[in-house]
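Visitor: What follows is a single structure, and I will ask about it in a moment.
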Amino acid sequence: MSFRTSRVAAPQRAEALDAAGNVLADGDSVVLIKDLKVKDAGQALKQGTVIKSIRLTDDPEEIDCRHEAIRGLVLRTAFVRKR
């Protein structure tokens, strides 16, 4: 009697791309390409602001990140460029 094991492929996450089409990965640093108003924070993030150590989310168009003044920040990948 022989047993066959089937390999189930792990679900692949869609690649997250920045505004220039570069592939983003966990831990990358990004730069904002335009000024962004942040809801419920009472301030705006200026163009050129560096965001360090991003984390990818299940949505390939969003990244989770931290900024010294704003916690729990989620940005759209269309507004960032890989540093």
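Visitor: What nm value, rounded to one decimal, do you get for the distance between V38 and L17 when each label is placed 7 Å out toward the C-beta?
Guide: Here the modelled spin labels are 2.8 nm apart.
Visitor: Show which lysines lie in cross-link reach of K82 when reach means a straight Cα distance below 17 angstrom and same-chain residues fewer than eight apart are skipped.
Guide: List returned: K34, K46, K52.
Visitor: Just want to confirm a number: the relative contact order over the range 42-83, from Cα pairs under 8 angstrom separated by 6+ residues, in percent.
Guide: Normalised by residue count, the contact order of the range 42-83 is 26 percent.
Visitor: Would you work out the charge dipole size for the range 30-82 about its Cα centre, treating the Cβ of every Lys and Arg as +1 and the Cβ of every Asp and Glu as -1, and quote it to the nearest 20 debye?
Guide: The dipole magnitude comes to about 280 debye.
Visitor: Another one. Could you list D28, D64 so that the one with the fewest beta carbons within 10 Å of its beta carbon is first and the one with the most is last? Walk me through the numbers on the way to the answer.
Guide: Working: D28 21, D64 14.
Exposure proxy ranking, most exposed first: D64, D28.
Visitor: Please report, to two decimal places, log10 I(q)/I(0) for the range 30-82 at q = 0.19 Å⁻¹ as given by the Debye formula with identical point scatterers on the Cα atoms and no solvent.
Guide: -0.58
Visitor: In nm, give the distance between the simple-model label positions of R83 and R71, each being 7 Å from the Cα along the Cα-to-Cβ direction.
Guide: In this crude label model, R83 to R71 measures out at 2.2 nm.
Visitor: Using a 7 Å offset from the Cα along the Cα-to-Cβ direction at both R55 and V31, what is the distance between the two label points in nm, to one decimal?
Guide: According to this spin-label approximation, the distance is 2.6 nm.
Quick note: the coordinates plus some simple rules give every number you see, no bench work behind them. As the structure is a prediction and not an experimental result, all values here were calculated from the model. Cβ atoms come from the backbone with ideal geometry, glycine included; neighbour counts cover every protein chain shown.
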